[in-house]
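The values are calculated or read from the model by the stated rules, or taken from the named source; none is laboratory data. It should be emphasised that the depicted structure is a prediction, and the values quoted were computed from it without experimental measurement. Positions of Cβ are backbone-derived with ideal geometry, glycine not excepted, and every protein chain shown enters the neighbour counts.
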Ligand SMILES: Cc1ncc(COP(=O)(O)O)c(C=O)c1O
């Protein structure tokens, strides 16, 4: 038997082999063949059925935080087993309530915090999915290659095609962001405020490089702080050379796992308006073979262009699906990005769009 599907060793021995054969006759093949057959554990050590001792670095895939067979844990479980093992969700017990109270206290979620006990990671994910649905927002983001469990809802989030494909169709509404460090991405973001310039590096899973006009670097504080990030500076006085330089630097950075972010409208646009979406960002993506991800953000509600005083409130951010750029034309791909972002802006901030459509901004790109 091989344990290769685990990527781990396949340990053999007379008792181990016999058990593995019995396992294969009766256990459903929902997971790869077991790497070893374990008999018991103590602290950070486990023993297999052939009597070999191991240091347990896996710890039940990082869940046995208390090790194996700690006397206090054994005593607590034994004492409870002598009273009640299961009561269903029609009842509760003093122990269940004390457990929930303790979790609320330890996690610091405050008086409105509530506990939902689950038996497995997948059930916790299912609960999170249901909670997310209750917000009324239909989309869920997960990462390619991520593992979230094998129940139908959790599987929709799990980003491994080999696990998902046999069980399609999946629960709808989940989108997967790429995580391959070699996979470049061009983020194309709505621009209403300096807020998103600072926010995006904080919320994205990769380092970001901004494509910026050179002059911004000389603004006190702002220019100095963004100047220390990875940057692609455009010299607008030399347009053709500028684009070649953007592609060159963009490719180099994306090869290092850095994502490139651009504001296709070129400048901060007032709330309720849209700027002219230039197709440099989609051209760059196509040249580099990278997908584009549109992002809508309603920051002008709280921090509009050139306003020193900021208003408290909620900024909504919506991250769109990755759109492959291979075989696309820069202009038509940018139209798709623009349509997605602007429709999303209307959905997120309807007050700002009384006619249901953005007004065309009179601001010129670059006229910051
Ligand atoms: C990150 C992550 N989420 C969810 C799960 C699913 O947990 P369970 O196997 O308990 O259902 C796992 C399991 O390995 C996991 O690693």
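Before moving on, here are some points about what is shown:
- Cβ pairs under 7 Å, 6+ apart, first in region 141-154 and closer than 12 Å to residue 179 by Cβ, second within 7 Å of the ligand (Cβ to nearest atom) and part of a loop (DSSP other than H, G, I, E, B): 142/148
- Selection status of residue 129, in contact with a strand residue (DSSP E or B) (Cβ under 7 Å, 6 or more places away or on another chain), assigned to a helix (DSSP H, G or I) and either within 15 Å of the ligand (Cβ to nearest atom) or over 30 Å from residue 180 (Cβ atoms) (or both): yes
- Of the residues in region 132-140, not one is loosely packed, with under 10 Cβ neighbours inside 10 Å, within 16 Å of the ligand (Cβ to nearest atom) and over 18 Å from the mean Cα position of the chain (by Cα).
Residues checked against (1) surrounded by fewer than 20 Cβ atoms within 10 Å (Cβ to Cβ); (2) modelled with pLDDT of 95 or more; (3) more than 21 Å from residue 185 (Cα to Cα); (4) touching a strand residue (DSSP E or B) at 6+ places or on another chain (Cβ under 6 Å):
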position	(1), (2), (3), (4)
251	yes, no, no, no
259	no, no, no, yes
278	yes, no, no, no
298	no, yes, yes, no
305	yes, no, yes, no
309	yes, no, yes, no
314	yes, no, yes, no
324	yes, no, no, no
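- Test result for residue 358, touching a strand residue (DSSP E or B) at 6+ places or on another chain (Cβ under 8 Å) and under 20 Å from residue 201 (Cα atoms): no
- From the list 163, 157, the one residue that fits, being in contact with a strand residue (DSSP E or B) (Cβ under 7 Å, 6 or more places away or on another chain) and either farther than 27 Å from residue 344 by Cβ or modelled with pLDDT of 95 or more (or both), is 157.
Yes/no matrix, rows are residues, columns are (1) out of contact with any helix residue (DSSP H, G or I) (no Cβ under 9 Å at 6 or more places or on another chain); (2) part of a strand (DSSP E or B):
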{"residue": "296", "(1), (2)": "no, yes"}
{"residue": "303", "(1), (2)": "no, no"}
{"residue": "342", "(1), (2)": "yes, no"}
{"residue": "346", "(1), (2)": "no, no"}
{"residue": "362", "(1), (2)": "yes, no"}
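- Residue 149 in contact with a helix residue (DSSP H, G or I) (Cβ under 6 Å, 6 or more places away or on another chain), more than 10 Å from the ligand (Cβ to nearest atom) and farther than 22 Å from residue 318 by Cβ: no
- Matching residues in region 234-249 - criterion: being surrounded by 15 or more Cβ atoms within 10 Å (Cβ to Cβ) and either on the phi > 0 side of the Ramachandran plot or at pLDDT 80 or above (or both): 243, 245, 246, 247, 249
- Test: residue in region 52-61 that is touching a helix residue (DSSP H, G or I) at 6+ places or on another chain (Cβ under 9 Å), modelled with pLDDT under 95, outside the structural domain of residue 113 (by TED's automatic domain parsing) and in a loop (DSSP other than H, G, I, E, B): no
- Residue list for region 141-151, filter: touching a strand residue (DSSP E or B) at 6+ places or on another chain (Cβ under 9 Å) and assigned to a loop (DSSP other than H, G, I, E, B): 144, 145, 146, 148
- Criterion applied to 162, 154 was being in a helix (DSSP H, G or I), out of contact with any helix residue (DSSP H, G or I) (no Cβ under 8 Å at 6 or more places or on another chain) and either at positive phi or within 16 Å of the ligand (Cβ to nearest atom) (or both), and the one residue passing it is 162.
- Residue pairs meeting the criteria (Cβ under 9 Å; at least 6 apart or on separate chains; first assigned by TED's automatic domain parsing to the domain that holds residue 96 and at positive phi, in region 106-133; second surrounded by 10 or more Cβ atoms within 10 Å (Cβ to Cβ) and in a helix (DSSP H, G or I)): 110/104
- Region 53-76 residues that are in contact (Cβ under 8 Å) with a residue 12 or more places away in the chain and on the phi > 0 side of the Ramachandran plot, paired with ones that are in a loop (DSSP other than H, G, I, E, B) and surrounded by 11 or more Cβ atoms within 10 Å (Cβ to Cβ) (beta carbon under 6 Å, 6 or more apart): 67/44
- Among (1) assigned to a strand (DSSP E or B); (2) within 16 Å of the ligand (Cβ to nearest atom), the one test that residue 28 misses: (1)
- Restricting region 62-96 to residues that are assigned to a loop (DSSP other than H, G, I, E, B) and within 16 Å of the ligand (Cβ to nearest atom), the residue that is farthest from residue 18 (Cα to Cα) is 65.
- Within the set 205, 178, 220, the sole residue that is modelled with pLDDT under 90 and within 16 Å of the ligand (Cβ to nearest atom) turns out to be 205.
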